[in-house]
1. Hey, any hits in the stretch 287-297 for a residue that's within 16 Å of the ligand (Cβ to nearest atom), closer than 26 Å to Met246 by Cα and open to solvent by 10 Å² or more (accessible area, probe 1.4 Å)?
2. Can you tell me which residue in the stretch 277-321 is nearest to the chain's Cα centre (by Cα), limited to those that are hydroxyl-bearing (Ser, Thr, Tyr), closer than 18 Å to Gly260 by Cβ and modelled with pLDDT of 95 or more?
3. If we keep just the residues of the stretch 148-195 that are touching a strand residue (DSSP E or B) at 6+ places or on another chain (Cβ under 9 Å) and over 26 Å from Ala220 (Cβ atoms), which is most open to solvent (accessible area, probe 1.4 Å)?
4. Inspect all residues belonging to the stretch 9-18 and state whether any of them is within 15 Å of the ligand (Cβ to nearest atom), over 19 Å from the mean Cα position of the chain (by Cα) and open to solvent by 10 Å² or more (accessible area, probe 1.4 Å).
5. Among the residues of the stretch 26-49, is any open to solvent by 10 Å² or more (accessible area, probe 1.4 Å) and within 25 Å of Gly216 (Cβ to Cβ)?
6. Does the stretch 199-216 contain at least one residue that is small (Gly, Ala, Ser), part of a loop (DSSP other than H, G, I, E, B) and open to solvent by 10 Å² or more (accessible area, probe 1.4 Å)?
Amino acid sequence: MSVNIFDSYTLPSGGVLKNRLVKAAMEENLANGEQLPDSALFKLYEAWAKGGVGLIITGNVMIDHLAMTGPGGVALEVNSDLDAFKKLAELAKQNNTKIWMQLNHPGRQVFKKMGGKVLSPSDVALNMGKHSGLFAKPKAMTHSEIKDVIERFTISATRAKEAGFDGVEIHAAHGYLIAQFLSPLTNKRDDEWGGSLDNRARLLLEVVKSVRSQCGEDFALAVKLNSADFQRGGFDVDDALAVVKMLEPLHVDMVELSGGSYEAPAMQGRSGNARTLAREAYFLEFAAKIANETKIPIMTTGGIKRLPVAQQVLDSGVALVGMASALAFNPELPNHWQRVPGLVGMIPQVSWKDKTLSGLANMALVKRQLRRLGDGKPVKLDASPIYSLIVDQLRSAKLTKRYRKRYADEVT
Ligand SMILES: Cc1cc2nc3c(=O)[nH]c(=O)nc-3n(C[C@H](O)[C@H](O)[C@H](O)COP(=O)(O)O)c2cc1C
């Protein structure tokens, strides 16, 4: 008998999700000046909890306030005040919803204007064509910097648990630090952290082992992984399957499959090379292949906005359905689907000639809805991409100024 989207799901670590719909991570850029959750995030997460998803995965939370993906990001470190995180977890857990915190280190994907640490396995700069200058050239990490990153992931995870989160997801996709270690295009090391796939996966595996040992067997632990990075010579689907196999003995609750990076934004449905993506459920083919070959529950995220497509994901053997953009435009979509199964969610697709600007405009359109929800306002389905992009850039410049002022002693 086929599994229904609204059937519950028991995770390997014992937690039960009330249904198969998951709010995938979306960085909101709504933290306060101390990089802590505040009223806007409280309102937003409450809207998702009430909207009917089984699980909420937070936008990426930084493990180091000096290595940030954006100036309004949340950071959870050894000395962070936990009260705001406790409140966020409590609000998100209403309506029998689970909440996991996504933990991330950007590695080289740090905007130059932010400053701070720009680390990577090797000193390979981002190639974004004429936009490359937006990013600084990274520094190849020392062994002690690698150990520091493992410790920081572990500390952030234990603190998330203390704050009441049901689990964490380690971000190893989208070209961030762990993905930089996994990809032969960015990892040129010849020590135990580079070379063979076993070595390139070592950072991910060490982080997962350390988090599991410190957070215990009944805390949910997931990994977001690229099914491929969609670049010639990069991490591909066979590598992804091999890494999933390496994760099997480590009691991982779920692997979320996505794809791409800043250089090749496949997670937005655009591939960097000739290999095309499906128009809906972009990574389903890869996810189904991997789900077929592993015991770890698989989730796929990207392009899902219709209930029959979500059902098709489950019918392919994939356990959970991740949705990001559609839940920014309608946090109530899961509730609505129970009554109106034909309702189609919204995923913006800006397709200007400049692919980088199109990607930024897409993100800006979604982030604008997150801000509106955080402000208690209705979403704006017909928002203008260019206007949203300009507002986002201006806001980002303002927040970057705030960030640099706040950390003036530490950021160079
Ligand atoms: C505004 C925005 C912020 C995002 N931030 C994150 C993030 O913090 N971590 C992450 O893993 N993915 C992030 N993503 C990617 C989404 O999780 C998802 O993989 C992607 O949007 C494709 O799913 P969708 O088509 O349902 O939006 C973000 C996407 C958007 C639009």
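1. Checked against the condition, which is being within 16 Å of the ligand (Cβ to nearest atom), closer than 26 Å to Met246 by Cα and open to solvent by 10 Å² or more (accessible area, probe 1.4 Å), the stretch 287-297 yields no hits at all.
2. In this case the residue turns out to be Thr301.
3. Lys188
4. If we filter the stretch 9-18 for residues that are within 15 Å of the ligand (Cβ to nearest atom), which is where we start, we get none.
No - not one qualifying residue is present in the stretch 9-18.
5. So far as the stretch 26-49 goes, no, none of its residues is open to solvent by 10 Å² or more (accessible area, probe 1.4 Å) and within 25 Å of Gly216 (Cβ to Cβ).
6. Going residue by residue through the stretch 199-216, those that are small (Gly, Ala, Ser) are 201, 210, 213, 216.
Imposing the further condition that a residue be part of a loop (DSSP other than H, G, I, E, B) reduces the set to 201, 216.
Those still in the list that are open to solvent by 10 Å² or more (accessible area, probe 1.4 Å) too: 216.
Yes, because at least one residue in the stretch 199-216 is small (Gly, Ala, Ser), part of a loop (DSSP other than H, G, I, E, B) and open to solvent by 10 Å² or more (accessible area, probe 1.4 Å).
Per-residue answers, yes or no, for (1) more than 18 Å from Ala326 (Cβ to Cβ); (2) open to solvent by 90 Å² or more (accessible area, probe 1.4 Å); (3) in contact with a Pro (Cβ under 9 Å, 6 or more places away or on another chain); (4) in a helix (DSSP H, G or I):
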site: Lys353; (1), (2), (3), (4): yes, yes, no, no
site: Thr356; (1), (2), (3), (4): yes, no, yes, yes
site: Ala364; (1), (2), (3), (4): no, no, yes, yes
site: Lys367; (1), (2), (3), (4): no, no, no, yes
site: Asp382; (1), (2), (3), (4): no, yes, no, no
site: Asp392; (1), (2), (3), (4): yes, no, no, yes
site: Thr400; (1), (2), (3), (4): yes, no, yes, yes
site: Asp409; (1), (2), (3), (4): yes, yes, no, no
site: Thr412; (1), (2), (3), (4): yes, yes, no, no
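Matching residues to (1) surrounded by fewer than 18 Cβ atoms within 10 Å (Cβ to Cβ); (2) over 16 Å from Leu284 (Cβ atoms); (3) near the ligand (Cβ under 10 Å from one of its atoms):
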| site | (1), (2), (3) |
| --- | --- |
| Ser316 | yes, no, no |
| Phe329 | no, yes, yes |
| Glu332 | yes, yes, no |
| Pro341 | yes, yes, no |
| Pro348 | no, yes, yes |
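The values are calculated or read from the model by the stated rules, or taken from the named source; none is laboratory data. Quantities reported herein were computed from a predicted structural model and do not represent experimental measurements. In this analysis, Cβ positions are derived from the backbone assuming ideal geometry, glycine residues included, and neighbour counts consider all displayed protein chains. For accessibility, only protein heavy atoms count, side chains too; no ligands or nucleic acids. Shrake-Rupley method; radii C 1.70, N 1.55, O 1.52, S 1.80 Å.
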